[in-house]
Amino acid sequence: VRLFVERAQEVHPGFSLDAENARAIAQICQRLDGLPLAIELAAARIKLLSPSAMLARLESSLSLLTGGARDLPTRQQTLRGTVEWSYKLLGSAEQMLVRRLAVFIGGCTLEAVEAVCDTKGDLGLDILDGMASVADKSLVQQVQEAGAEARFTMLSTIREYAREQLAAAGEEPAVRRAHAAYFLVLAEEGSELVVSDPAWLARFDAEHRNFLAAIDYLVATGESDWGLRLGAALFRFWETREHLAEGRAQLARLLAVPGSQAGTKLRARLLFSSAVLAGEQGDYGSAQKLLEQSLAVCRALGDTRGVAVALNALAVNARDRGELSMAAELFEQCVGIWRELGAPVDVARALSNLASASKLLGDYARAGTLYQECLATFRAIGDEAGAAWTLNYTGDMAREQRDFAAARSAYEQALAAFRELHDGWGRASVLCDLASLDCDQQDFAGAQRLFGESIRIFQELGHKRGIARVLESLAISAVAQGKAPEALRLAGAAAALRERVGAPLTPAQNSALESALKPAHAALEGALGTSAWMEGYSLPLAKVVEEVVGKEVAQGLSTPRPA
């Protein structure tokens, strides 16, 4: 009864519970089996019907409306009947709006409603007024988060009923197509911005389920061109949010749509994107095959830029597999192609990759020369981010050669540049490197502080692989301090996190980590070492982090990010 009165007063402030209406309200609540949604839907009609009139109509309507759903439990029949009763009290335009809203999953913005629900201008209703009206009647809810655009959501029971009405009206194909078109345009508009703009990333998070619904429609209807475009536009979102398995699965579906088989630049791009996600999951064989297909398409089309991009990705794949000579050869080819095309930024990136392969091959002199050329090119063209990453890689090389002064100088220059650029990923990465450098120089207190700051930034970014990397570095630091149980717990926690993301270390990285952990395994022989590792693997991430970097940072890790 209290819920009925509260909801009624929201839509009709002058309404109050009194001796005349109390009995009718109590009977309404009883007739609706005390179901909160059903009571809210009824109470929202208080402007139109008095409690006694509402009770009479409900008694009559529910008897009719639940008659066709005898296979449902009684409470579900009551709820469904109340939804249908409320829907049938709407005018025809509002009914049309409600059923068209059913195509959205996980809510929508007012802009989306305008684009999808009134594409042909046939609604006969002002969208803003219509949404306010159906919200007043509890058929949709308005959700407002600080700093974000208002969203409208529909409870699953209501959405299920509205979806049935959409199909019965014969409008579902057209409305779902309009839905797919809107989210394709949105995805293409923000496809590159999600990497660097938190507002766009948050918007993609909010529309995640709508994007997947659009893909479902395009696959089901064989809309190959739209499907390939949407897959290409969502690639950076999937990678940034580490939805690696989902992204791979969706791209595979889109590539399999009849009509997507033609050798186009768009198909080559999706093959490339799928390969990148496969490589990040450690499935190097599948990634290589996809990249070879992408390369073949680009060569057949005479797409020289596409050829260079595919060759670069094949080189990265070879490097991650440990085929370093092959990687260096492929990177050399990329440098040559980009020089011929006169693309200085791409030349610089290719030089950076070639330098990394040279370093891994032990040719530090050549790697140093390449990094210097790369840095000069980035600075000449004003690419501050490229220059910052090159300084970071230069610091890595100096650290490997035990030139700690040069390493610190390069890292600090890179950190200053990333701070100037407001690049969270760059800052977190360099802070982790500086912390590891402090460990090399036995400054474990300083390292602990930097590791904590790095984890905090990675947490803000929602980047689990970054957090795992810091945990692995912390494990190596613990080994150096003779803290074997802590080292193995941290390594176990990092392994669990990587498994959840589906992004294992490369073979070389895994080998290096295992080598660094050997003293800890030796100190805790057999079952003791396994027990410590499994403890870290099983513990909540926040608990593990709290042990090493403090409760304040760990608290942020216990709050899950949007899926």
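The values are calculated or read from the model by the stated rules, or taken from the named source; none is laboratory data. For clarity, every value in this text was computed on a predicted model and none was experimentally measured. FYI the Cβ positions are ideal-geometry reconstructions off the backbone, even for glycines, and counts take in every protein chain you see. SASA here: full protein model, heavy atoms, side chains in, ligands and nucleic acids out. Shrake-Rupley method; radii C 1.70, N 1.55, O 1.52, S 1.80 Å.
If only one of 244, 251 is among the hydrophobic types (A, V, I, L, M, F, W, C), touching a residue at least 60 places away in the same chain (Cβ under 8 Å), farther than 21 Å from residue 327 by Cβ and crowded, with 20+ Cβ neighbours inside 10 Å, which one is it?
244
Based on what the data block shows, is residue 492 part of a helix (DSSP H, G or I), buried (at least 19 other Cβ atoms within 10 Å of the Cβ) and modelled with pLDDT of 95 or more?
Considered against the rule, which asks whether it is part of a helix (DSSP H, G or I), buried (at least 19 other Cβ atoms within 10 Å of the Cβ) and modelled with pLDDT of 95 or more, residue 492 comes out as yes.
Looking only at the range 131-153, filter to residues that are within 19 Å of residue 36 (Cβ to Cβ), open to solvent by less than 50 Å² (accessible area, probe 1.4 Å) and of a type outside the set (Gly, Ala, Ser); which one of those is modelled with the lowest pLDDT?
Selected residue: 137.
If I ask for residues that are closer than 19 Å to residue 141 by Cβ, open to solvent by 80 Å² or more (accessible area, probe 1.4 Å) and in contact with a helix residue (DSSP H, G or I) (Cβ under 6 Å, 6 or more places away or on another chain), which ones from the range 109-130 would you list?
114 - this is the single residue of the range 109-130 that is closer than 19 Å to residue 141 by Cβ, open to solvent by 80 Å² or more (accessible area, probe 1.4 Å) and in contact with a helix residue (DSSP H, G or I) (Cβ under 6 Å, 6 or more places away or on another chain).
Please indicate, with yes or no, whether at least one residue in the range 58-66 is open to solvent by 30 Å² or more (accessible area, probe 1.4 Å), modelled with pLDDT of 80 or more and in a helix (DSSP H, G or I).
No, there is no match, as no residue in the range 58-66 is open to solvent by 30 Å² or more (accessible area, probe 1.4 Å), modelled with pLDDT of 80 or more and in a helix (DSSP H, G or I).
Check residue 438 against each of (1) more than 21 Å from residue 242 (Cβ to Cβ); (2) crowded, with 20+ Cβ neighbours inside 10 Å; (3) at pLDDT below 95 and name the one condition it does not meet.
Every listed condition holds for residue 438 apart from (3).
Show the residue pairs that are 6+ apart or on different chains and have beta-carbon atoms under 7 Å apart, the first residue being within the range 161-178 and more than 11 Å from residue 117 (Cα to Cα), the second being open to solvent by 50 Å² or more (accessible area, probe 1.4 Å) and in a helix (DSSP H, G or I).
Listed by first residue and then by second, the contacts come to 161/80.
Return a yes/no flag: does the range 507-520 have any residue that is hydrophobic (A, V, I, L, M, F, W, C), modelled with pLDDT under 75, more than 27 Å from residue 243 (Cα to Cα) and in a helix (DSSP H, G or I).
The answer is no; no qualifying residue exists.
Tally time: how many residues in the range 326-359 are farther than 18 Å from residue 285 by Cα, over 32 Å from the mean Cα position of the chain (by Cα) and open to solvent by 60 Å² or more (accessible area, probe 1.4 Å)?
Final tally of qualifying residues: 6.
Going through the range 10-20 one residue at a time, which ones are part of a helix (DSSP H, G or I) and open to solvent by less than 30 Å² (accessible area, probe 1.4 Å)?
11
Table: residues versus (1) modelled with pLDDT under 85; (2) surrounded by fewer than 22 Cβ atoms within 10 Å (Cβ to Cβ); (3) out of contact with any strand residue (DSSP E or B) (no Cβ under 7 Å at 6 or more places or on another chain).
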| position | (1), (2), (3) |
| --- | --- |
| 8 | no, no, yes |
| 22 | no, yes, yes |
| 28 | yes, no, yes |
| 33 | yes, yes, yes |
| 51 | no, no, yes |
| 79 | yes, no, yes |
| 88 | no, yes, yes |
| 94 | no, yes, yes |
| 104 | no, no, yes |
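Limited to the range 146-182, what total is found for residues that are of a type in the set (Asp, Glu) and in contact with a strand residue (DSSP E or B) (Cβ under 9 Å, 6 or more places away or on another chain)?
The qualifying residues number 1.
Is it the case, given these coordinates, that residue 164 is modelled with pLDDT under 90, out of contact with any Phe, Trp or Tyr (no Cβ under 9 Å at 6 or more places or on another chain) and assigned to a helix (DSSP H, G or I)?
No; evaluated as a whole, the condition is false for this residue.
Conditions first: (1) under 30 Å from the mean Cα position of the chain (by Cα); (2) over 23 Å from residue 400 (Cβ atoms); (3) surrounded by 19 or more Cβ atoms within 10 Å (Cβ to Cβ). Residue 532 passes all but one, so which condition is the exception?
Going through the list (1) under 30 Å from the mean Cα position of the chain (by Cα); (2) over 23 Å from residue 400 (Cβ atoms); (3) surrounded by 19 or more Cβ atoms within 10 Å (Cβ to Cβ), residue 532 breaks only (1).
Which of the residues spanning the range 505-521 are surrounded by fewer than 17 Cβ atoms within 10 Å (Cβ to Cβ) and either within 22 Å of residue 279 (Cα to Cα) or out of contact with any helix residue (DSSP H, G or I) (no Cβ under 8 Å at 6 or more places or on another chain) (or both)?
506, 507, 508, 509, 510, 511, 512, 514, 515, 518
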